1. So, residue B:27, is that one among the small types (Gly, Ala, Ser), modelled with pLDDT under 95, on the phi > 0 side of the Ramachandran plot and within 16 Å of DNA strand F (Cβ to nearest atom) or not?
2. Take the range A:51-86 and flag every residue that is among the acidic types (Asp, Glu) and either modelled with pLDDT under 80 or closer than 19 Å to residue A:134 by Cα (or both).
3. May I ask you to verify whether residue A:135 is touching a Leu at 6+ places or on another chain (Cβ under 6 Å) and more than 17 Å from residue B:187 (Cα to Cα)?
4. Out of all the residues in the range D:187-201, which are under 16 Å from residue D:103 (Cα atoms) and surrounded by fewer than 19 Cβ atoms within 10 Å (Cβ to Cβ)?
5. If I go through the range A:129-186 residue by residue, how many of them are of a type outside the set (Asp, Glu), more than 9 Å from chain B (Cβ to nearest Cβ) and part of a loop (DSSP other than H, G, I, E, B)?
6. Take residue B:83 and decide whether it is in the same structural domain as residue B:191 (by TED's automatic domain parsing), more than 13 Å from DNA strand F (Cβ to nearest atom) and surrounded by fewer than 18 Cβ atoms within 10 Å (Cβ to Cβ).
7. Quick test for you: out of D:28, D:62, D:51, D:23, pick the one residue that is touching a helix residue (DSSP H, G or I) at 6+ places or on another chain (Cβ under 7 Å), under 22 Å from residue D:174 (Cα atoms) and within 16 Å of DNA strand E (Cβ to nearest atom).
8. Test each condition in (1) in contact (Cβ under 8 Å) with a residue 12 or more places away in the chain; (2) assigned by TED's automatic domain parsing to the domain that holds residue B:141 for residue B:16 and report the one that comes out false.
4 protein chains.
Amino acid sequence: MAPKRVDRAARREDILDAAVRVFARRGFAATRIEDVAAEAAIAKGSVYLYFDSRDALLRAAFERVAARSERLAAAAARPGAPAVERLAGMIRGAVAMLAAEPDLARIMVDLWSTGRARPGTPAEPAAAPLDLAEVYRGYRSLIAGLLAEAGREGDLRPGLGGPEATVVVAAIEGALVQWLVDPEVPFADLAEPIVATCLDGLRPRPAG
Amino acid sequence: MAPKRVDRAARREDILDAAVRVFARRGFAATRIEDVAAEAAIAKGSVYLYFDSRDALLRAAFERVAARSERLAAAAARPGAPAVERLAGMIRGAVAMLAAEPDLARIMVDLWSTGRARPGTPAEPAAAPLDLAEVYRGYRSLIAGLLAEAGREGDLRPGLGGPEATVVVAAIEGALVQWLVDPEVPFADLAEPIVATCLDGLRPRPAG
Amino acid sequence: MAPKRVDRAARREDILDAAVRVFARRGFAATRIEDVAAEAAIAKGSVYLYFDSRDALLRAAFERVAARSERLAAAAARPGAPAVERLAGMIRGAVAMLAAEPDLARIMVDLWSTGRARPGTPAEPAAAPLDLAEVYRGYRSLIAGLLAEAGREGDLRPGLGGPEATVVVAAIEGALVQWLVDPEVPFADLAEPIVATCLDGLRPRPAG
Amino acid sequence: MAPKRVDRAARREDILDAAVRVFARRGFAATRIEDVAAEAAIAKGSVYLYFDSRDALLRAAFERVAARSERLAAAAARPGAPAVERLAGMIRGAVAMLAAEPDLARIMVDLWSTGRARPGTPAEPAAAPLDLAEVYRGYRSLIAGLLAEAGREGDLRPGLGGPEATVVVAAIEGALVQWLVDPEVPFADLAEPIVATCLDGLRPRPAG
DNA sequence: TATGAATGAGCATTCATTCAT
DNA sequence: TATGAATGAATGCTCATTCAT
């Protein structure tokens, strides 16, 4: 019975893996349950043994995106180092992580639009409304915390907060978007320019 | 002999306006032709008097987004001022324009996902593939030009180029995304933080 | 007022001409009112000033086919000549007439199928059920009459009647079908083989 | 693990049977997929599990008609007997076969009109253009062969060929048309009159 | 549990017909 | 009378979901 449960979970995970690949390739809207089943090499009906509905699959994919942001936050928590360095590290980590999992990244973009309103559910708030906003709030407050801390440590200006945190997150997400829209954009290489621009700006460096 | 007179172009524009509103509200994928018709207060079939297909409507919406970027570029061309100021002006202009037309902004996000693969058209090259990449390339090269010019003028570091242009565009688009996902984010107010962060960075300002 | 009526009738005729051409070209099922209007170089709505409905147009086209058969019958009535000759003349006349008006011929084929059941009218007997059967009955009884007469005159076997009349009509209509399906078939040249086959058969001719 | 077992080919055949019945009853143009589904006592969508499109259904029906002509040809090939007898046998066989399957016969009439131009497909070459012409060419060349052979055997006139073959085919098809248009016409009983008329003509039989 | 056949609601699109001008 | 814009019912086809095996 225990092994059964493990099998079940593993199977579910396999299907979700497949779904993520297909979602990334064709987008949510264009992905049919049958595509997912085919990618997972199972029968269409079997998908429903592990997920209640197409929507549930979408939600599970969302969970993965959200979970990744948790991991990222956890990575940033590494204490000991000065906050600026942790900030820079977090930017680099985020870029690396997104670059390493382009499928999840692509799905996130889909979530930006899908998160808004789902087909077929014009009225109902769709149980949990797929709260992408929360994910970004988490990012921002994490970064705002680092900014404040670095301010206190004297490595960044004091008084930095929400707006600047938004800009930092924006630099990452915006670079991601450009890459997804145009694969020529070297996303993975943009970590340093982002760090440099955000921390030092684009003005000529003072002599020091 | 007295044919009913209708300003076809104006009517078409009305319908497109309606479509843009609905697309922004429900997303492309969830928008049915009937929704557009209802929003435009006409009958479903009438939409087809002005647009060949649902896809054509989508394309026309894309054209609007693309056209807006043209306007933006034109605005930035205002010569006379130093390049840094024009850059800052462009950032402020972009933010103001996007904030003023949230519907088009929302559509752009849809385009990020839709641009990739369109449902139902796995084979056909889809005429013009809705080239959002081109729009961003335009933005980047425009900004890269300003960066180089400002570098020559001594207001920014020399040697700035593509990567930094990407970061500037990213800051804007990324802030937009956060606003769209979470209306609490004060997008319109982010113009200054973006300008300040990109130009001066977040480090403590040197005495001068 | 009189001239008005003439104009009206002429206009109606123009439209019917156009309809016949389009029906012949695309078939009833595939012909839209707009096609007819375009062929007649008038506006779509104007068709309805002269015909109550699409169906009325179809009926009017049928009338033409029926009217032609009347003309044919009249031509055959030319008395004086022996019945066999009038029969042969009628066959030749029918072939010539059909060959000369392929559009009407094509429409007749459409009527064979359409006469059966009309789209949208599954129940109602459709007023006058477009009685093609009557047309053929007319042909057959005309020919049966000639056969009997020629029998009496000693030029054909006595006792010929309905079945043989059907075969004669069949030879003409069947040749027509083959021509319409395959333009290579030299319909106009088939009058003689039809006459020869029907009158003399295919067996070797006796010495006389 | 115990998949629902269904004889796909048989099911497909069932649906095609239903389609043929409905096509015969209402005509192609007036037949909606839903009619076919209802006749087959399945749901509308299920039709698409076995046929790609409405057009595919039509084509499959055509195949049946074409296949029947093959069977007919094969039957005529029965060697041993003199060619005239085989010819007469073929005429009788064709009439019997058509009379026995009036649905297919009715469909053939629809094909005569449909074969010309298909609605909705003004551009595409429609894969195999539903080549009814080929079917009739087959019939004619088969019969022309028998005529020539019978000529050599002295049972028919020498020199008979294409035109006469066309007339023989015409007699059959034309009789069919009259029956379909008017059920009073005793098609099945027309085999003998056709044979007699074509072989012996309508003239008085010479003493022998 | 796995399958895939079956279902039917849903949607894009077409087109006969109406009607304001 | 002529026009052609507007309408909306009709219909082909798709696809999420169910269910018998």
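The values are calculated or read from the model by the stated rules, or taken from the named source; none is laboratory data. These figures come from a predicted structure and were not determined experimentally. Here Cβ is always computed from backbone atoms with ideal geometry, including for glycine, and neighbour counts include all displayed protein chains. Only protein heavy atoms, including side chains, enter the accessible area calculation; ligands, DNA and RNA are left aside. Shrake-Rupley method; radii C 1.70, N 1.55, O 1.52, S 1.80 Å.
1. Working: among the small types (Gly, Ala, Ser): yes; modelled with pLDDT under 95: yes; on the phi > 0 side of the Ramachandran plot: yes; within 16 Å of DNA strand F (Cβ to nearest atom): yes.
Against the criterion (among the small types (Gly, Ala, Ser), modelled with pLDDT under 95, on the phi > 0 side of the Ramachandran plot and within 16 Å of DNA strand F (Cβ to nearest atom)), residue B:27 qualifies.
2. First pass over the range A:51-86, keeping only residues among the acidic types (Asp, Glu): A:52, A:55, A:63, A:70, A:85.
Answer for the range A:51-86, where residues must be among the acidic types (Asp, Glu) and either modelled with pLDDT under 80 or closer than 19 Å to residue A:134 by Cα (or both): A:63, A:70.
3. Working: touching a Leu at 6+ places or on another chain (Cβ under 6 Å): no; more than 17 Å from residue B:187 (Cα to Cα): yes.
It is false that residue A:135 is touching a Leu at 6+ places or on another chain (Cβ under 6 Å) and more than 17 Å from residue B:187 (Cα to Cα).
4. Looking only at the range D:187-201, we keep the residues that are under 16 Å from residue D:103 (Cα atoms), and these are D:187-188.
Scanning the range D:187-201 gives a single hit, D:188.
5. Residues that pass the stated criteria total 4.
6. On the way: in the same structural domain as residue B:191 (by TED's automatic domain parsing): yes; more than 13 Å from DNA strand F (Cβ to nearest atom): yes; surrounded by fewer than 18 Cβ atoms within 10 Å (Cβ to Cβ): no.
Against the criterion (in the same structural domain as residue B:191 (by TED's automatic domain parsing), more than 13 Å from DNA strand F (Cβ to nearest atom) and surrounded by fewer than 18 Cβ atoms within 10 Å (Cβ to Cβ)), residue B:83 does not qualify.
7. D:28
8. (2)
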